[in-house]
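Right, one structure below, let's go through it.
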Amino acid sequence: MGLQGGCYCGAVRYDARGTPFNSTLCHCTDCRKVSGAPALAWFSVRFTDLHWTGTPTRFASSTGIERSFCSACGTTLSFHDSRWPGEIDIATATLDDPELVPPADHTFVRSRLGWMQFHDGLPEYPATRSAGQA
């Protein structure tokens, strides 16, 4: 048994098996735009460990990036970067219990909205983790 979740209307559900990793609160402009929120929490699982019930709609938000959402209610569901074919990111707030996978850091803080300040002590990265900390 893994982590279960799905979209707002219930048309698309998933079971994310395996151990989640790379839990983050992303502040990039693209995540803000697709979610309509000031930041978007994600966690990763191995691509083969994610099992869908229902079919999310997918679109290429930029070169090599595929995002998915529910075509019925619009809920943002996943993010897949072709540079890391073995993993996929799931929108944390779509979990039935989002408390199970809290963010471990902040990514793309260079794009963070000025009024969105945190004092949670989590590491902050200007862009990706691999680019290093601020």
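Annotations for the structure displayed:
- Flag if residue 17 is at pLDDT 95 or above and touching a Gly at 6+ places or on another chain (Cβ under 6 Å): no
- Which numbered condition residue 41 misses (of (1) surrounded by fewer than 21 Cβ atoms within 10 Å (Cβ to Cβ); (2) assigned to a strand (DSSP E or B)): (1)
- Pair list, Cβ < 6 Å and 6+ apart or interchain, from segment 12-38 residues that are in contact (Cβ under 8 Å) with a residue 40 or more places away in the chain to residues that are among the β-branched types (Val, Ile, Thr) and surrounded by fewer than 18 Cβ atoms within 10 Å (Cβ to Cβ): 13/53
- Matching residues, segment 96-128, being outside any loop (DSSP other than H, G, I, E, B), under 24 Å from residue 33 (Cβ atoms) and open to solvent by 80 Å² or more (accessible area, probe 1.4 Å): 110
- Considering segment 1-31, and only residues there that are open to solvent by 60 Å² or more (accessible area, probe 1.4 Å) and among the hydrophobic types (A, V, I, L, M, F, W, C), the residue that is nearest to residue 51 (Cα to Cα) turns out to be 1.
- Looking across segment 83-95, just one residue is at pLDDT below 95 and surrounded by 13 or more Cβ atoms within 10 Å (Cβ to Cβ), and that is 84.
- From 10, 5, residue being touching a helix residue (DSSP H, G or I) at 6+ places or on another chain (Cβ under 6 Å), at pLDDT 95 or above and within 16 Å of residue 76 (Cα to Cα): 5
- Check on residue 58, open to solvent by less than 50 Å² (accessible area, probe 1.4 Å), more than 17 Å from residue 3 (Cα to Cα), assigned to a strand (DSSP E or B) and of a type in the set (D, E, K, R): no
- Selected residue (criterion: farthest from the chain's Cα centre (by Cα)) from residues of segment 54-82 that are charged (D, E, K, R) and modelled with pLDDT of 95 or more: 58
- Which listed residue is more than 15 Å from residue 128 (Cα to Cα), in a loop (DSSP other than H, G, I, E, B) and in contact with a strand residue (DSSP E or B) (Cβ under 6 Å, 6 or more places away or on another chain), from 18, 10: 18
The values are calculated or read from the model by the stated rules, or taken from the named source; none is laboratory data. These figures come from a predicted structure and were not determined experimentally. Positions of Cβ are backbone-derived with ideal geometry, glycine not excepted, and every protein chain shown enters the neighbour counts. Each accessible area value is taken on the protein alone, full model and side chains, heavy atoms only, with ligands, DNA and RNA left out. Shrake-Rupley method; radii C 1.70, N 1.55, O 1.52, S 1.80 Å.
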